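Bear in mind that the values in this text are calculations on the coordinates, not laboratory data. Note that the coordinates shown come from a computational prediction; the quantities given were computed from them, not determined experimentally. In this analysis, Cβ positions are derived from the backbone assuming ideal geometry, glycine residues included, and neighbour counts consider all displayed protein chains.
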Amino acid sequence: MSIVDDFENSEEIAKLPLKVEIRCMFPPDEEQKKKIGQIMQEKYGADSVEIVIKKDPKAADGFNIFVGDDNYDWSTLGRIRQLRKSIQALPKEKDFKNIISLMKEDIKDFELNLGYQQVGEVLTVGDGIAVITGLHDVAYGEIVLFDCGVKGMVQDIRTDGTTGVILFGDATEIVEASRVVRTGRTAGIPISNRILGRMIDPLGKPIDGGPAIGAKRYYPVERPAPGIIDRKSVSVPLETGILTIDSMFPIGRGQRELIIGDRQTGKTSVAVDTILNQKGKDVVCVYVAISQKASSVAKVVNTLKKYGAMDYTVIVSSPASDAASLQYIAPYAGCAVAEYFMDRGRDVLIIYDDLSKHAVAYRTISLLLERAPGREAYPGDVFYLHSRLLERSAQLSDEKGGGSMTALPIVETQAGDVSAYIPTNIISITDGQIFLDSELFYSGQRPAVNVGLSVSRVGGAAQTNVMKKSVGSIRLDLAQYREMQVFSQFGSDLDEQTLTQLKYGSGLMQLLKQPNQAPLTLYEQVILLNCAKEKMFLDIPIKDIPAVKKELLGWFAETNINLCMSIEHKKVYSDKLKKKILTAAKEFFKKYKKLHAIKAE
């Protein structure tokens, strides 16, 4: 077809009459039809108008007019909605007389508009995805409402005029030609302080069998990250209670520290222990479970309840049985909950368990929306998927309230491959990673933290003075031990110094072992580190070190409580403090060895 033919066809199309569909219970008379025709003719600049009347019981006492995907609701209900919006827009005055006068003034000047809204139509639906036509002004991320009451979120705006929508609910009532309208709002979640201690789904509905949250405030699930001016440096530690992490890979409030490792290596246990350690520290915790088994989530909930941690925790759960669309928005919903408390000056810890499953859910959605696949079939914007989520974690400036959000995202690797697509993406976004080694885990080292591959890019800035000075060269000693251990496997004769170093390193590994749900306080960690640096455990049999460690801490709590409280509250290191710790520890080991010798006899 030539350009001239195209031009002639467009002229012919322009001369066609404008089709105006009127849905009503009682048809308009000739005068009304003429008036409606004139209004639409002027609005759309048409030469002529063709009016089609359809009977619709829903449009009782008025008319519901459609021009393409534009809708003008001239029914009684439509006009009531306009009036309600006008009244809701009034300023919130405390004085009742002021409210009445404002309402009178507003209603006096109130003029009904055309009741305009865009209406779309479903073309196809399936697998939690609906493709609609119409709604030409709809925005990415906007919530749309189907005539059966199901909500969806716009995820794909195409050049052919169609729009891809992910569905949040049962899609069985959505069929071809179902109507869909814009809401003009992005996805949000209802929040209030009453959400603490509750378990909700990604849409904010309680799923713990408790009463409704009754929140009137909505927080958007998608929100720009705080700017540089609104932030300040990470400086306050967020203690996990895990000796290996707090001593060598400290986490600060406002930091993003990745927990990474193979399946069943204790990633969730590290996260749960961190939540337990926040008891009494005025930190709100948010645990986001993405595509987890319901039994796994129930186990976490029971653990938190057992230790009284649910009082300051919110759980956002989207189990494996949920649609991919709900799994996709789950971490953003959890982040919105955390932002609510952060904006009120609170410190928040949020755990995403886990983001590798989140990426799989997003890949599922993208493939169903017919987006071009890239590496490992993930869409090209999968990096942006997580960067816009994790960048929302921050330590806010004092002018912004001084709140913080600390993120501990979890990522699962396959056969320890940290160079895979999703792990490398998230490693590049976060401020460090705690790598859990499956080889260490199966050898009995719990938590199985690989000292060589783990790192915190905040480092000593997020450590207290007493912890920083107590650690010393322990990390370097462990690295040397791992290196010597490799050479010792060849079976060659080793000198006495090397044997001592191997025994010391093996003792350190035993000292760093820690059972689940048993976080250590600051003073307990400082005591153990100072004793380890002085090699006080060197004469203790390797297998007895965990038991001796427990006895040592118990003895300090009974006989040196003032020293323990001084470490816990002052958090300042000095030679005098070190001397007190070592003097008390030597007394314990002297008694222990004496008692051990008596038992041996």
Practice item. Scan (1) 50, 29, 23; (2) 64, 27, 19; (3) 60, 25, 18 for the value of semi-axes √(5λ) of the Cα gyration tensor in Å calculated from this model and give just the label. Key: (2)
**Study point:** Under-5 Å amide H pairs with Asp343, H placed in peptide plane, nonlocal only
**Key:** none
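Ranking request for peptides 292-301, 407-416: highest mean number of other beta-carbon atoms within 10 Å first, then the rest in descending order.
The densest-packed peptide leads the list: 407-416, 292-301.
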Check your understanding: If we count every other residue with Cβ under 11 angstrom of Asp539's Cβ, Lys/Arg +1 and Asp/Glu -1, where does the sum land?
Key -> +2
Check your understanding: If you place +1 on the Cβ of every Lys and Arg and -1 on the Cβ of every Asp and Glu, how big does the dipole about the Cα centre of segment 236-463 come out, in debye to the nearest 20?
Key -> 380 debye
Check your understanding: Which of Cys564, Leu499, Leu440 sits closest to the plus end of the dipole of the chain, meaning its Cα is farthest towards the positive end, when Lys and Arg get +1 and Asp and Glu get -1 on the C-beta?
Key -> Cys564
Exercise for review: Rounded, prolate or oblate: pick one for segment 451-533, where a ≥ b ≥ c are the square roots of the eigenvalues of its C-alpha gyration tensor, a/c under 1.5 means rounded, and failing that, prolate if a/b is larger than b/c, else oblate.
Suggested key: prolate
Practice item. Enumerate the amide H contacts of Glu142 below 5 Å, restricted to partners 5 or more residues apart or on another chain; note that Pro and chain-start residues carry no placed amide H. Key: Val154
Review point. Residue separation times 0.36 nm, minus the C-alpha to C-alpha distance between Thr498 and Asp230: what's the value?
Key: 91.3 nm
Exercise for review: Can you tell me the dipole magnitude for segment 470-600 around its Cα centre, using point charges on the Cβ only (Lys, Arg +1; Asp, Glu -1), in Debye to the nearest 20?
Suggested key: 480 debye
Revision key, fill the gap. Along segment 198-209, Karplus-curve 3J(HN,Hα) (6.51, -1.76, 1.60; θ = phi - 60°) to the nearest Hz, with x for Gly and Pro, reads 10, 10, 10, 8, x, 9, x, 8, x, 10, 9, x
Point to revise | Entries of Lys535/Lys571; Lys533/Lys593; Lys468/Lys543; Lys306/Lys513 with Cα pairs more than 21 Å apart | key: Lys535/Lys571; Lys468/Lys543; Lys306/Lys513
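How would segment 354-479 be classified by its alpha-carbon gyration tensor: rounded, prolate or oblate, with rounded meaning a/c under 1.5 and the a/b versus b/c comparison settling the rest?
Details: a/c = 3.05, a/b = 1.36, b/c = 2.24.
Because a/c hits 1.5 or more and a/b fails to exceed b/c, segment 354-479 counts as oblate.
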Exercise for review: Just rank Ser317, Ser233, fewest to most, by other beta-carbon atoms within 10 angstrom.
Suggested key: Ser233, Ser317
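Which shape class applies to segment 116-187: rounded if a/c is under 1.5, otherwise prolate when a/b exceeds b/c and oblate if not, where a ≥ b ≥ c are the square roots of the Cα gyration tensor eigenvalues? It would help to have the intermediate numbers written out before the result.
Details: a/c = 1.32, a/b = 1.22, b/c = 1.08.
Rounded.
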Review point. Given H placed 1.01 Å from N in the peptide plane, which residues other than close sequence neighbours of Asn71 have an amide H under 5 Å from its amide H?
Key: Gln117, Gln118, Val119
Exercise for review: Using only Cα atoms, tell me the angle between helix 3-15 and the longest principal axis of the chain; keep it within 0 to 90° and round to the nearest 10.
Suggested key: 70 degrees
Practice item. State the answer as a single residue: which of Ser295, Gly188, Val49 lies farthest towards the positive end of the charge dipole of the chain, with beta carbon charges of +1 for Lys and Arg and -1 for Asp and Glu, about the Cα centre. Key: Ser295
Practice item. First select every other residue whose beta carbon is under 14 angstrom from the beta carbon of Leu552; then total the charges, Lys and Arg +1, Asp and Glu -1. Key: -1
Check your understanding: Taking Cα atoms, how many degrees apart are the long axis of helix 294-306 and the longest axis of the chain, rounded to 10 and kept between 0 and 90?
Key -> 60 degrees
Point to revise | Helix 96-108 axis, angle to the chain major axis (alpha carbon atoms, nearest 10°) | key: 40 degrees
**Study point:** About the Cα centre, charge dipole magnitude for the chain (Lys/Arg +1, Asp/Glu -1 at Cβ), debye
**Key:** 3520 debye
Check your understanding: lysines near Lys205 by alpha-carbon distance under 21 Å, same-chain residues fewer than 8 away left out - which ones?
Key -> Lys151, Lys216, Lys293, Lys299, Lys305
Study note, to complete from the structure: Reduced to Cα centres, the span from segment 351-430 to segment 278-292 in Å works out to 18 Å
